[in-house]
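Structure first, then comments.
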Amino acid sequence: MRYIKFFVTCLTLASVEFYGQDKLENYVQEFSGTDLEIKMIAIPGGEFQMGSSLEEFGHYEDEAPLHKVQIDPFWMASHEITWKLFKLYLERPLNDLPLENKAKDVTIKVDAISGATVPYVDMSLGMGTGDGMPVVNITYLAAQKFCKWLSAKTGYFYRLPTEAEWEYAARAGNQSAYHFGDNPDDLDEYAWFYENSDGHYHAVGSKKPNQWGLYDMHGNVAEWTLDAYSADTYKNREDLTPNPFAVPENEYPHSVRGGSYYDDAEYLRSAARLGSSENWKMRDPQFPKSKWWNTDAQFVGFRIVRDPNPPTETDYEKYWGPITP
């Protein structure tokens, strides 16, 4: 069995200056011993205007000022990570199974990766963990460690997207409020949100994708990014910043993007930002509270990216968190 297979999707180029894909191709990351897979979309490098204008529907001050950002090519998962995929990391059933044609971008060992604790209650809060359901209530640290485990397993460098990469990919070449335009009345075709979700998340990929083949960039569950959150981030950034990344120095807040099934239309815009909060563990009875699980962030999940230019080993901690949590 091959564990990397390639596929084709249409990339629609719009009002963004692109640098081309630098020979990146879409592919599917498969896992020996399972029928699970992660479709990875090749995202072309380019420049775009990050943030929103004062005139945009739902504009917030933390989205200003508009500023040009340069993004290098990368791969992004077409779907949010599901419970079944996350359980491969959580329960480790594949650790001893060899992976054919393993890459050598990353050479760390799987058994050296910290494992998350098994949750003591149903962290889906009754919304389900079955086929296609997105994982939620996992902490920023747990999302980072999933990426580290996946990197060790496959030999590729997987991580969370930066805030800039996430917005660039969500826009898919468009500068409108949503990748499909500015009219929130059209959201129903592309997103699960407050008006149509019936108060719970849904299987990933059950709405239309954006022009680059990415599903649920608006709604369903909000998504962790790598960056520390600050309302003043853009005010302190120079124009045409290449690949910006606000490296976190504290546990809170981190930037979350995309909005969720629980949110109104304005919070699903490509530019909309949210900072994480320790209140997302409010009902956790443990002391100290869990490093791996939230109890009150049932609206937050994540998706992954693969970097074609992995950092040096000395910088791994910026992307995967501390060696010993």
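Within segment 222-256, how many residues are part of a loop (DSSP other than H, G, I, E, B) and not aliphatic (A, V, I, L, M)?
Final tally of qualifying residues: 16.
Only one residue in Asp111, Asp122 is loosely packed, with under 15 Cβ neighbours inside 10 Å, in a helix (DSSP H, G or I) and out of contact with any strand residue (DSSP E or B) (no Cβ under 6 Å at 6 or more places or on another chain), so which one is that?
Asp111
Among what's in segment 185-214 and is surrounded by fewer than 14 Cβ atoms within 10 Å (Cβ to Cβ) and at positive phi, pick the residue that is nearest to the chain's Cα centre (by Cα).
Gly199
Test Asp111 against the stated conditions and say whether it is farther than 30 Å from Gly51 by Cβ, out of contact with any helix residue (DSSP H, G or I) (no Cβ under 8 Å at 6 or more places or on another chain) and acidic (Asp, Glu).
Here the answer is yes, as Asp111 does meet what is asked.
When the residues of segment 263-292 are filtered to those that are outside any loop (DSSP other than H, G, I, E, B) and among the small types (Gly, Ala, Ser), which remaining residue is surrounded by the most Cβ atoms within 10 Å (Cβ to Cβ)?
In this case the residue turns out to be Ala265.
Give me the residue from segment 215-247 that is small (Gly, Ala, Ser) and surrounded by 15 or more Cβ atoms within 10 Å (Cβ to Cβ) and, out of that set, nearest to Gln144 (Cα to Cα).
Ala228
Select from segment 307-325 the residues that are at negative phi and in contact with a helix residue (DSSP H, G or I) (Cβ under 9 Å, 6 or more places away or on another chain) and list them in ascending order.
Asp307, Pro310, Pro311, Tyr316, Tyr319, Trp320, Pro322, Ile323, Pro325
Which of the residues spanning segment 172-184 are in contact with a helix residue (DSSP H, G or I) (Cβ under 8 Å, 6 or more places away or on another chain) and surrounded by fewer than 21 Cβ atoms within 10 Å (Cβ to Cβ)?
Correct list: Phe180, Pro184.
Counting only residues that are small (Gly, Ala, Ser) and either within 19 Å of Val136 (Cα to Cα) or at pLDDT 90 or above (or both), how many does segment 65-113 have?
Residues meeting the conditions: 2.
Kindly provide the set of residues from segment 174-202 that are touching a residue at least 60 places away in the same chain (Cβ under 8 Å), of a type outside the set (Ser, Thr, Tyr) and more than 15 Å from Tyr262 (Cα to Cα), ordered by number.
Once the filter is applied, which keeps residues that are touching a residue at least 60 places away in the same chain (Cβ under 8 Å), of a type outside the set (Ser, Thr, Tyr) and more than 15 Å from Tyr262 (Cα to Cα), segment 174-202 yields Asn174, Gln175, Ala177, His179, Asp182, Pro184.
Of the residues Lys39, Lys87, only one is within 17 Å of Lys148 (Cα to Cα), among the charged types (D, E, K, R) and not in a loop (DSSP other than H, G, I, E, B); which?
When all the criteria are applied, what remains is Lys87.
So is Glu223 touching a helix residue (DSSP H, G or I) at 6+ places or on another chain (Cβ under 9 Å) and of a type in the set (D, E, K, R) or not?
yes
Restricting to segment 57-78, name every residue that is assigned to a loop (DSSP other than H, G, I, E, B) and either in contact with a Leu (Cβ under 6 Å, 6 or more places away or on another chain) or surrounded by 21 or more Cβ atoms within 10 Å (Cβ to Cβ) (or both).
If the condition is that a residue be assigned to a loop (DSSP other than H, G, I, E, B) and either in contact with a Leu (Cβ under 6 Å, 6 or more places away or on another chain) or surrounded by 21 or more Cβ atoms within 10 Å (Cβ to Cβ) (or both), then Pro73, Ser78 are the ones that fit.
Collect the residues in segment 153-171 that are crowded, with 21+ Cβ neighbours inside 10 Å and out of contact with any strand residue (DSSP E or B) (no Cβ under 9 Å at 6 or more places or on another chain), keeping them in residue-number order.
The answer is Lys153, and nothing else.
Say we look at segment 22-48 and pick out the residues that are surrounded by fewer than 17 Cβ atoms within 10 Å (Cβ to Cβ) and farther than 27 Å from Gly132 by Cα; which of these is modelled with the lowest pLDDT?
The qualifying residue modelled with the lowest pLDDT is Asp22.
When you scan segment 125-138, do you find a residue that is free of Cβ contacts under 8 Å to residues at least 40 places away in the same chain, surrounded by fewer than 16 Cβ atoms within 10 Å (Cβ to Cβ), among the aliphatic types (A, V, I, L, M) and assigned to a loop (DSSP other than H, G, I, E, B), even just one?
no
The values are calculated or read from the model by the stated rules, or taken from the named source; none is laboratory data. The structure presented is a predicted model; accordingly, all values stated were derived computationally and were not measured. So basically every Cβ, Gly included, is an ideal-geometry build from the backbone, and we count neighbours across all protein chains shown.
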